[in-house]
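Notes follow the structure.
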Amino acid sequence: MKQKKESKNNIGVVLLNLGGPERLEDVEPFLFNLFSDRMIIRLGPAFMQKTIARFIARRRAPKS
């Protein structure tokens with residue numbers, strides 16, 4: 001019986017609780033702050049981060 005080779009690359013998963021908005025009208029600013037922070041997620045080139053973050057926040061925030 002052949003043994004499988006062990007992978008030399010380790011894979012890790014990090015789960016973070018970043019809180020969330022308390023009211024419906026807080027969702028868009030929360031999403032913008034989340035997506036505009038390059039320490040949390042990198043979206044395209046640095047100079048485009050806030051533009052992309054605003055686009056995502058406006059598209060994903062609930063319509064009221």
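We did not get these values from a lab; they are worked out from the coordinates using the rules stated. Quantities reported herein were computed from a predicted structural model and do not represent experimental measurements. As a convention, Cβ positions derive from the backbone with ideal geometry for all residues, glycine included, and neighbour counts pool all protein chains shown.
Miscellaneous remarks
- For the chain, built as a Gaussian network whose Cα springs stay under 10 Å, the top-fluctuating residue of 41, 11, 52: 11
- Residue-span extension gain [residue 50 to residue 11] - 0.36 nm each, minus C-alpha spacing: 11.1 nm
- For the chain, built as a Gaussian network whose Cα springs stay under 10 Å, the top-fluctuating residue of 38, 54, 23: 23
- Choice from 44, 12, 20 showing the highest fluctuation, given a GNM over the chain with Cα pairs closer than 10 Å: 12
- Where only DSSP H runs of four or more residues are counted, the chain gives -10500 deg cm²/dmol as its mean residue ellipticity at 222 nm, each run worth -39500 (n - 2.57).
- Crossing angle, helix 49-60 versus the chain [Cα axis fit, 0-90 degrees, rounded to tens]: 80 degrees
- For the chain, GluC sites (Glu not before Pro) are listed when DSSP marks them as loop and at most 16 other Cβ atoms sit within 10 Å of their Cβ; the list is 6, 22.
- Relative to the longest principal axis of the Cα atoms of the chain, helix 27-36 runs at roughly 50 degrees.
- Each of (i) 26, 14, 11; (ii) 41, 17, 6; (iii) 36, 16, 11 is a candidate for semi-axes √(5λ) of the Cα gyration tensor in Å; the one calculated from this structure is (iii).
- Listed residues 47, 57, 31: farthest to the positive end of the dipole of the chain (Cβ charges): 47
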